[in-house]
Amino acid sequence: MLEVSRLTKCVDNGGEALTILHDNSFSVAAGETVAIVGASGSGKSTLLGLLAGLDLPSSGSVTLAGEPLGQLDEDSRAVLRGRLLGFVFQSFQLLPSLSAIENVMLPLELAGTANARSEAEFWLDRVGLSHRLRHYPKHLSGGEQQRVALARAFAPRPRLVLADEPTGNLDAATGHQIIELMFAINAERGTTLILVTHDEEIAARCARRLRMHAGQIEEVI
């Protein structure tokens, strides 16, 4: 599903090169669940952005489902993301002007799904929010917003879901419920999951853990 080879990312820091990621190589098989763990500032979220083609590396390569991202222009990478990827963010990233069902319908409509509304209704029911279809994000709790985000991520039936600290803005009990739900849906659909987290208990739910320190994967568990 994913092949990463000698991935390095440097940025300009006041005229000096600052290396955020250095020489990282790994692969992820279809259907595998992988956690990327490490302290804040270790490069986890930067790595996730490169895996999604939201940014390009300074050197090295990312190949997603056989497509080398570095050989695609920005529009082509966006099309590939829409076709293959689902995202779950720490800050939910729901569009505030859209209701819950409209947030879930949006990626379905962009993908040309004919029955976008009924699919969105199905997914919101799956995450336990059939009674909140027409509520806007500001009227939903943090846990409810993340449930909408899960529905939005899985509704287009992606091959790979990228989750960046999905419980970071939730209390412990709500976070546990969200993780249980995410792993249950992921298992049902056989989706590949890459999860960035600092929570070792959550990471242990994955089949494999990649531990990062100072921009480099130092340990594979």
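The values are calculated or read from the model by the stated rules, or taken from the named source; none is laboratory data. Keep in mind the model is a prediction, meaning the values are calculated, not measured. Counting neighbours? That spans all protein chains shown, and the Cβs are built from the backbone with ideal geometry, glycine included. For accessibility, only protein heavy atoms count, side chains too; no ligands or nucleic acids. Shrake-Rupley method; radii C 1.70, N 1.55, O 1.52, S 1.80 Å.
A few notes on this one:
- Just one of the listed residues (Arg126, Arg157) is charged (D, E, K, R) and buried (at least 16 other Cβ atoms within 10 Å of the Cβ), namely Arg126.
Rundown of residues vs (1) of a type outside the set (Val, Ile, Thr); (2) more than 14 Å from the chain's Cα centre (by Cα); (3) under 24 Å from Phe89 (Cα atoms), yes/no style:
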{"site": "Met1", "(1), (2), (3)": "yes, yes, yes"}
{"site": "Gly14", "(1), (2), (3)": "yes, yes, no"}
{"site": "Ala17", "(1), (2), (3)": "yes, yes, no"}
{"site": "Ser40", "(1), (2), (3)": "yes, yes, yes"}
{"site": "Ser59", "(1), (2), (3)": "yes, yes, no"}
{"site": "Val62", "(1), (2), (3)": "no, yes, yes"}
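- Looking across region 107-116, the residues that are in contact (Cβ under 8 Å) with a residue 24 or more places away in the chain and either β-branched (Val, Ile, Thr) or open to solvent by less than 60 Å² (accessible area, probe 1.4 Å) (or both) come down to Pro107, Leu108, Thr113.
- Filter pass, Leu193 being surrounded by 15 or more Cβ atoms within 10 Å (Cβ to Cβ), modelled with pLDDT of 95 or more and closer than 15 Å to Ser91 by Cβ: no
- You will find that of Thr19, Thr63, Thr8, the residue that is more than 24 Å from Arg157 (Cα to Cα), in contact with an Asp or Glu (Cβ under 7 Å, 6 or more places away or on another chain) and in contact (Cβ under 8 Å) with a residue 24 or more places away in the chain is Thr8 and no other.
- When region 163-188 is limited to residues that are assigned to a loop (DSSP other than H, G, I, E, B) and among the acidic types (Asp, Glu), the one that is least open to solvent (accessible area, probe 1.4 Å) turns out to be Glu165.
- Every residue from region 79-94 that is under 22 Å from Thr192 (Cα atoms) and either part of a loop (DSSP other than H, G, I, E, B) or of a type in the set (A, V, I, L, M) (or both): Val79, Leu80, Leu84, Leu85, Val88, Gln90, Ser91, Phe92, Gln93
- The sole residue among Ser25, Ser76 that is open to solvent by 40 Å² or more (accessible area, probe 1.4 Å), over 20 Å from Thr197 (Cα atoms) and modelled with pLDDT of 90 or more is Ser76.
For every residue, the table says whether it meets (1) open to solvent by 70 Å² or more (accessible area, probe 1.4 Å); (2) assigned to a loop (DSSP other than H, G, I, E, B); (3) modelled with pLDDT under 95.
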position: Ser40; (1), (2), (3): yes, yes, yes
position: Gly49; (1), (2), (3): no, no, yes
position: Pro96; (1), (2), (3): yes, yes, no
position: Ser118; (1), (2), (3): no, no, no
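- Complete set of residues in region 66-78 that are under 14 Å from Met1 (Cα atoms), out of contact with any helix residue (DSSP H, G or I) (no Cβ under 8 Å at 6 or more places or on another chain) and either in contact (Cβ under 8 Å) with a residue 12 or more places away in the chain or part of a strand (DSSP E or B) (or both): Pro68
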